[in-house]
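Chemist: Got a structure here, written out as structure tokens. Questions coming.
The values are calculated or read from the model by the stated rules, or taken from the named source; none is laboratory data. All values reported here derive from a predicted model rather than from experimental measurement. Cβ coordinates were reconstructed from backbone atoms using ideal geometry, including for glycine residues, and neighbour counts include every protein chain displayed. Remember, those area values only see protein heavy atoms, side chains included, never the ligands or the DNA or RNA. Shrake-Rupley method; radii C 1.70, N 1.55, O 1.52, S 1.80 Å.
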Amino acid sequence: MTITIYDVAKEAKVSMATVSRVVNNNPNVKEDTRLRVQEVIKKLKYTPNAVARGLASKKTTTIGIVLPDIADLSSAEIVSGIESVANMYKYNIILANSCDDKEIEKNIFASFVSKQVDDIIYLGRSLSDSSKKYLQDIQIPVVLAGNLGVDSEFYSVNIDYEKASFEVTKEFLEKGAKNISLIIDKYESQKTQRIIKGYKDALATKKIEFDPSFIIDGYQTYKESNRIFKTLSNIDAKVDVVIAMYDEVALAVLHQALDTGLKVPHDFELISLENTKLLDMTRPKISSIFQPIFDIGAVSMRVLTKIIDIEKAKRKGEEINEDELDENKKEMYLPYRVIHRQTTK
């Protein structure tokens with residue numbers, strides 16, 4: 001079994017950042033802590049990544065990016081936005097695929113510390129309490145791109161999911177829709193909770209009682225959604241509109257509806273809340289909430305550059321521009337719009 005920096009930190013009861021400082025002979029570690037960590041390193045036979053340490057010693061800024069799925073179109077477009085800014089600043093980038101697995105994610109964070117990554121951009125679909133604790137322990141600046149944290153602990157760049165969900169649901173209700181189904185991934189994610197709240201608030205404006213049977217959870221990808229239309233068909237009332245959280249799920253609904261002989265939007269309307277390049281390839285073309293996905297990546301990277309500048313100023317004892325980042329407004333929203341294509345009337 002490979003011993004990681006996380007194993008050393010856990011055994012020594014210190015943060016992974018502290019282990020990294022000991023390994024790299026950083027003087028800012030108490031002597032008793034240093035001795036304890038060195039003893040654990042010897043006991044576990046931990047060998048730091050020499051290549052990574054060599055890279056770190058060059059004093060270049062390295063950004064670690066955590067992806068939920070390397071094949072995910074939304075993540076790929078966000079990374080393109082990140083790279084557009086990172087290249088301007090000549091920052092190095094390390095990509096890591098978590099496969100949407102929280103245990104793998106923890107190992108990625110540990111790997112980032114061993115490679116002395118300066119900052120992290122997190123693209124995972126939801127940030128668990130466990131992941132949040134890891135990120136706090138390693139004491140590395142983090143920006144969440146396209147998702148939300150817990151209690152605004154970290155800067156995040158998104159659209160206003162609650163407002164977007166409210167507006168699109170209300171628009172369909174005003175056009176006469178009665179039964180609107182919302183297909184989500186996981187109830188516990190902050191992003192999902194915002195979307196559900198917007199949906200419920202829109203129903204309340206029309207005095208329509210919320211029916212939990214219209215919310216279908218557990219779907220993120222096309223493969224997962226191979227029987228989703230059967231689930232939709234089992235709802236007691238006829239569904240007028242389907243709002244899908246992800247493009248792949250919307251595409252699965254469309255294909256399965258067409259396979260059963262239904263016509264979209266004649267039999268029901270369909271819209272996605274994501275808007276990746278996948279929607280340019282569908283026939284009929286799926287309506288969506290337009291998210292500036294590339295810009296979400298670019299702005300996330302720009303936020304990190306400001307954090308880096310502030311940290312450098314602090315180390316040099318220079319004056320910090322208070323207008324650079326607002327600690328009270330860590331959630332940053334980019335503009336969005338509804339695009340009606342061929343699956344809505």
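Chemist: So which of 159, 140, 184, 180 ends up being of a type in the set (A, V, I, L, M) and over 20 Å from residue 338 (Cα atoms)?
Modeler: Every option except 140 fails the conditions.
Chemist: I'd like to verify a number: residues in the stretch 169-189 that are touching a helix residue (DSSP H, G or I) at 6+ places or on another chain (Cβ under 7 Å), part of a loop (DSSP other than H, G, I, E, B) and aliphatic (A, V, I, L, M), how many?
Modeler: 1
Chemist: Of the numbered conditions (1) surrounded by fewer than 22 Cβ atoms within 10 Å (Cβ to Cβ); (2) in a strand (DSSP E or B); (3) not acidic (Asp, Glu), residue 144 fails exactly one; give the number of that condition.
Modeler: (1)
Chemist: With the requirement that a residue be open to solvent by less than 40 Å² (accessible area, probe 1.4 Å) and at pLDDT below 85, what does the stretch 114-139 give you?
Modeler: Of everything in the stretch 114-139, those that are open to solvent by less than 40 Å² (accessible area, probe 1.4 Å) and at pLDDT below 85 turn out to be 114, 124, 125, 126, 127, 128, 131, 132, 134, 135, 138.
Chemist: Looking at 193, 220, which one is at pLDDT below 95, open to solvent by 60 Å² or more (accessible area, probe 1.4 Å) and closer than 20 Å to residue 126 by Cα?
Modeler: 193
Chemist: On to the next question. Is at least one residue of the stretch 41-55 crowded, with 20+ Cβ neighbours inside 10 Å, at pLDDT 85 or above and either not basic (Lys, Arg) or not in a helix (DSSP H, G or I) (or both)?
Modeler: Within the stretch 41-55 (the criterion being crowded, with 20+ Cβ neighbours inside 10 Å, at pLDDT 85 or above and either not basic (Lys, Arg) or not in a helix (DSSP H, G or I) (or both)), the answer is yes, since at least one residue qualifies.
Chemist: Looking at (1) part of a strand (DSSP E or B); (2) under 27 Å from residue 248 (Cα atoms); (3) open to solvent by 50 Å² or more (accessible area, probe 1.4 Å), which is the one condition that is false for residue 166?
Modeler: (1)
Chemist: OK, next. What residue, of 96, 145, 110, is closer than 29 Å to residue 228 by Cβ and either of a type in the set (Val, Ile, Thr) or in contact with a helix residue (DSSP H, G or I) (Cβ under 9 Å, 6 or more places away or on another chain) (or both)? I'd like the intermediate steps shown before the answer.
Modeler: Details: 96 fails: closer than 29 Å to residue 228 by Cβ; 110 fails: closer than 29 Å to residue 228 by Cβ.
Residue meeting the stated conditions: 145.
Chemist: Might you check whether a residue that is outside any helix (DSSP H, G or I), out of contact with any Gly (no Cβ under 7 Å at 6 or more places or on another chain), touching a residue at least 60 places away in the same chain (Cβ under 8 Å) and over 22 Å from residue 69 (Cα atoms) occurs anywhere in the stretch 110-133?
Modeler: yes
Chemist: I've got another one for you. Mind listing just one residue for me: the one in the stretch 93-113 that is of a type outside the set (A, V, I, L, M) and at pLDDT 90 or above and, of those, least open to solvent (accessible area, probe 1.4 Å)?
Modeler: 98
Chemist: Which one is farthest from residue 117 (Cα to Cα) among residues in the stretch 1-33 that are open to solvent by less than 30 Å² (accessible area, probe 1.4 Å) and not hydrophobic (A, V, I, L, M, F, W, C)?
Modeler: Taking the candidates together, the pick is 33.
Chemist: Considering every residue within the stretch 198-215, establish whether at least one is aliphatic (A, V, I, L, M) and farther than 20 Å from residue 238 by Cβ. Spell out the reasoning first.
Modeler: If we filter the stretch 198-215 for residues that are aliphatic (A, V, I, L, M), which is where we start, we get 202-204, 208, 215.
Now restrict to residues that are farther than 20 Å from residue 238 by Cβ: 204.
Within the stretch 198-215, one or more residues are aliphatic (A, V, I, L, M) and farther than 20 Å from residue 238 by Cβ.
Chemist: Would you mind telling me which numbered condition in (1) within 18 Å of residue 195 (Cβ to Cβ); (2) open to solvent by 20 Å² or more (accessible area, probe 1.4 Å) residue 227 fails?
Modeler: Looking at each condition in turn, residue 227 falls short on (1).
Chemist: Could you tell me which of the residues 177, 202 is open to solvent by 10 Å² or more (accessible area, probe 1.4 Å), aliphatic (A, V, I, L, M) and more than 23 Å from residue 79 (Cβ to Cβ)?
Modeler: So the residue among 177, 202 that is open to solvent by 10 Å² or more (accessible area, probe 1.4 Å), aliphatic (A, V, I, L, M) and more than 23 Å from residue 79 (Cβ to Cβ) is 177.
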